[in-house]
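Enquirer: Let me give you the structure first, and then I'll get to my questions.
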Amino acid sequence: MAFTSSLAVLLEHREELALTPPQVERFEQLDFTLREKNAVLQHELESLRAQARKNNRPWHGGYQGGGSHDVHGGKGGSMSGPADEDQQKLRRRERLERMEATLRAMQDNDSQAYLAAEELMTDAQKPRARELFSQERENLLEQLNAMHYQIRKGDY
């Protein structure tokens, strides 16, 4: 997940926003502080995503391939999931909820940093900055939805 801070986005558009050198310097300081604040959260998010990739092996049924058919025309094997399948689903759901909570905390930190930066902007700079901020949040929401679908795989 690419979490780009709102401050980094503003700095990328410094010419368009006509940021002054003191604004750029302050935004860079705020961005550095934000990255430090989010570093622990980012590490936790990466750890949760690694667990999700490692443990996301959904059960696909009992078809064994080869061999002879049973009396009902099927090929051996159970058609019910492993005994701990419900527990695995619950763990995936809990992990996903922790990932979402971590991302929300990162977004909250980002919003606070953005609001601090917005106080330093002129009235002429604010509308475009808000537009850039909104676009970045929409991108993050799309990534979150994709991540949610990938982890969930429709199993709960």
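Laboratory data are not the source of any read-out in this text; all were calculated from the coordinates shown. Since the model is a prediction, treat every value here as computed from it, not as a measurement. Cβ: placed from backbone, ideal geometry, glycine included. Neighbour counts: every protein chain shown.
Enquirer: Read phi for every residue in region 86-95 and hand back ³J(HN,Hα) as whole Hz from Karplus 6.51 cos²θ - 1.76 cosθ + 1.60, θ = phi - 60°, with x for Gly and Pro.
Expert: Each residue's phi maps through the Karplus curve to give 5, 5, 5, 4, 4, 5, 4, 4, 4, 5 Hz.
Enquirer: Which peptide among 105-113, 37-45 comes first, and what is the full order, when sorted by highest mean count of other Cβ atoms within 10 Å?
Expert: Working: 105-113: 17.1, 37-45: 15.6.
For the peptides 105-113, 37-45, the packing ranking is 105-113, 37-45.
Enquirer: Return the Rg/Rh value of region 81-139, two decimal places, where both radii are evaluated on C-alpha atoms and Rh is the Kirkwood radius.
Expert: Details: Rg = 18.8 Å, Rh = 14.2 Å.
Ratio of gyration radius to Kirkwood radius for region 81-139: 1.32.
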